[in-house]
Structures are given as structure tokens and as C-alpha cells.
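To start, the structure itself, in C-alpha cells.
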Amino acid sequence: MNSRFLGVAEAAEYLGMSPRWMYRDSRKHGLPRYYFGGRLRFMVDDLERWVRQQKVS
């Protein structure tokens with residue numbers, strides 16, 4: 001389990017998305033987000049789980 005948190009820019013790069021998408025649309029698309037220290041964060045495990053759920057057969 002990788003419970004490491006990424007900032008917006010890191011998470012956007014990890015997913016191949018823009019930082020703007022991470023701020024604006026990630027919640028709408030069901031991506032778990034965390035706010036602490038006044039900053040938006042994403043957990044690597046959540047990103048990987050979300051990506052697997054997006055699979056189209």
C-alpha cells in the first residue's frame with residue numbers, strides 16, 4: 001500500500017492531466033481529494049484505484 005500524498009502538480013503529471021483539471025474537474029469525476037495544510041492533496045493509492053476504475057472494455 002502506498003499511502004504517500006502528492007501535490008496537485010505531481011498528481012497531474014502522474015495521471016497525464018493538467019493541474020487545472022485536478023483543481024476543477026477531479027471531484028466531478030470521483031477522484032478522492034484531501035485538503036490539509038491549506039493545500040489540495042491526492043493519495044497515490046487512490047489515484048491508482050481510480051485509474052483502474054476508468055477502464056473501458
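The values are calculated or read from the model by the stated rules, or taken from the named source; none is laboratory data. These numbers were taken from a predicted model, which means no experiment stands behind them. Quick reminder, even Gly has a Cβ in these numbers, built from the backbone with ideal geometry, and neighbours come from all protein chains shown. Heavy atoms of the whole protein, side chains included, go into the accessibility calculation; ligands, DNA and RNA do not. Shrake-Rupley method; radii C 1.70, N 1.55, O 1.52, S 1.80 Å.
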Lone unmet requirement of (1) in contact with a helix residue (DSSP H, G or I) (Cβ under 7 Å, 6 or more places away or on another chain); (2) open to solvent by 50 Å² or more (accessible area, probe 1.4 Å) for residue 55: (1)
All positions within region 7-26 that are open to solvent by less than 30 Å² (accessible area, probe 1.4 Å) and more than 20 Å from residue 53 (Cα to Cα): 7, 8
Any hit, region 27-43, residues being of a type in the set (A, V, I, L, M, F, W, C), in contact (Cβ under 8 Å) with a residue 40 or more places away in the chain and either assigned to a loop (DSSP other than H, G, I, E, B) or open to solvent by less than 40 Å² (accessible area, probe 1.4 Å) (or both): yes
